[in-house]
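The next block holds one structure in the form of structure tokens; read it before the comments.
Read-outs throughout are calculated quantities, based only on the coordinates presented, and are distinct from any laboratory measurement. Note that the structure is a prediction, hence the values are computed from the model and not measured. Cβ: placed from backbone, ideal geometry, glycine included. Neighbour counts: every protein chain shown.
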């Protein structure tokens with residue numbers, strides 16, 4: 001590495017951010033860039049550790065020590081080449097990935113890990129700024145046509161890789177603009193949509209065709225799809241949210257989190273909203289679910305001007321540091337305080353919702369909840385709970401967002417009409433070795449296959465599925481596998 005003692009000389013430094021009281025007044029990103037010298041120092045912290053656990057911790061197999069060294073040397077074009085050899089969209093992962101690579105960083109054993117995610121974001125943004133990122137159309141077309149259903153991170157990655165080797169790729173998206181989760185699931189204050197548009201425009205320039213407002217099986221005949229394309233990649237995501245079937249669920253004011261977030265993203269983009277407005281201004285808001293989607297609801301509610309925001313979940317509070325059951329280099333399930341939490345929210349754990357309470361007009365006015373106590377097994381996992389006597393109470397609220405994750409992809413429509421086999425969890429059944437479904441020419445990638453997961457896993461799945469599609473169409477492939485080092 002460029003400076004073998006860097007990890008001893010420099011501490012981890014995060015970029016500054018706009019103050020909470022001002023950033024809640026807008027929907028733009030609020031992280032500042034690291035100064036050039038500080039970025040150099042952060043890259044210098046990479047240890048030359050011999051065995052890069054960070055690389056194996058990354059679902060994409062990013063060649064992290066090498067791009068850190070290139071940053072330290074100021075070789076930005078080389079850094080971008082290394083990064084893009086394994087990751088099609090570092091501008092996305094550099095903003096919204098929980099960075100399992102950092103959890104596996106050797107330096108993280110006893111010190112704060114290397115700022116891998118932040119360095120990654122700076123590499124790609126500087127590469128765009130310096131003009132290193134240009135459309136690269138394939139020189140030769142194979143004559144094979146591939147349809148990609150869904151334009152989220154898995155679909156985009158599959159499309160980019162298949163186009164790279166010369167196949168003609170058409171991406172079908174049932175929404176009014178491509179991007180899937182990136183466009184309508186993640187708030188603009190975490191991922192501004194001009195970043196998504198910039199990448200989509202580049203992909204179009206490279207020859208990828210995007211067809212929006214296109215719901216295959218509804219306004220596009222499945223027979224036409226199977227006739228016109230040599231292969232199909234299903235990348236529609238895991239879209240059926242987990243519900244809370246308790247008394248009062250029909251009360252007006254109880255919504256799935258993604259309905260709220262999608263509507264707000266459309267509002268920010270000045271796109272038409274057909275459904276009734278879901279607005280948090282002046283209301284007591286409760287978010288049920290402690291993950292990133294719940295956090296996004298908090299940030300959005302605060303920007304609406306909610307009267308109060310409370311987040312709780314039924315599981316116990318995670319630890320703040322690794323326990324013996326979460327050894328390095330495994331990704332630890334720790335307490336996470338997001339930027340949205342900084343902006344204002346009450347949080348509680350081990351709380352169970354008993355029922356929704358509505359007024360005489362059917363409008364939500366409160367939740368009945370109770371504290372629970374968990375029994376923990378020998379390896380630290382919560383296995384069962386019981387209610388704590390005397391803790392039942394009503395929490396006033398006019399708006400509740402259910403952010404408890406997703407169950408599986410939508411079965412009705414496309415999957416049923418195709419006759420696609422599902423696994424015991426309701427996901428598309430496709431081997432992790434071939435990504436092929438029970439229909440030879442149809443493949444699956446991302447959350448539709450593996451279940452709800454991370455954006456970085458979706459990109460990895462899309463890339464791997466593209467390899468298998470290319471092999472299916474051509475008998476061989478030049479696309480690098482996840483387990484191979486794509487940059488020499």
Could you tell me the distance between the Cα centroids of region 1-39 and region 144-164, to the nearest Å? 33 Å
Give me the percent of DSSP beta bridges within the chain that run antiparallel, rounded to the nearest 5. 40 percent
Contact order relative to length of region 383-488, as percent, for alpha carbon pairs under 8 angstrom and 6 or more apart: 17 percent
Can you tell me what share of the DSSP beta bridges in region 243-404 is antiparallel? A percent to the nearest 5 is fine. 50 percent
For region 6-129, what is the Kirkwood hydrodynamic radius in Å, using each pair of distinct C-alpha atoms? 14.8 Å
Rg and Dmax of region 85-146 over Cα atoms: what are they, in angstrom? 16.4, 54
So what are the radius of gyration and Dmax for the Cα set of region 146-273, in Å? 16.5, 55
Rounded to the nearest Å, the spacing of the alpha-carbon centers of region 419-453 and region 57-127 is 30 Å
May I ask for the percentage of alpha-carbon pairs in region 222-263 that lie more than 17 Å from each other? 57 percent
With N set to the residue count of region 243-404, report its C-alpha Rg divided by 2.2 N^0.38 Å to two decimal places. 1.12
Value of relative contact order over the chain, rounded to a whole percent, pairs C-alpha under 8 Å and six or more apart: 17 percent
How big is the gap, in Å, between the Cα center of region 376-416 and the Cα center of region 277-317? 15 Å
Given Cα positions, please report Rg to Rh for region 357-487, the hydrodynamic radius being the Kirkwood one. 1.18
Can you pull the three principal axis extents for the Cα set of the chain, in Å, largest first? 68, 63, 48
Fewest Cβ neighbours within 10 Å first, please rank 67, 7, 172, 128 accordingly. 128, 7, 172, 67
Determine the principal axes of the Cα atoms in region 421-488, then give the extent along each, sorted from largest to smallest and rounded to whole angstroms. 40, 27, 13
Which whole-number percentage describes the relative contact order of region 243-404, with Cα contacts under 8 Å and a sequence gap of 6 or more? 31 percent
Given the -39500 (n - 2.57) contribution per DSSP H run of 4+ residues, what per-residue ellipticity at 222 nm results for the chain, rounded to the nearest 500 deg cm²/dmol? -9000 deg cm²/dmol
How large are Rg and Dmax for region 100-201 when only the alpha carbon atoms are used, in Å? 17.0, 54
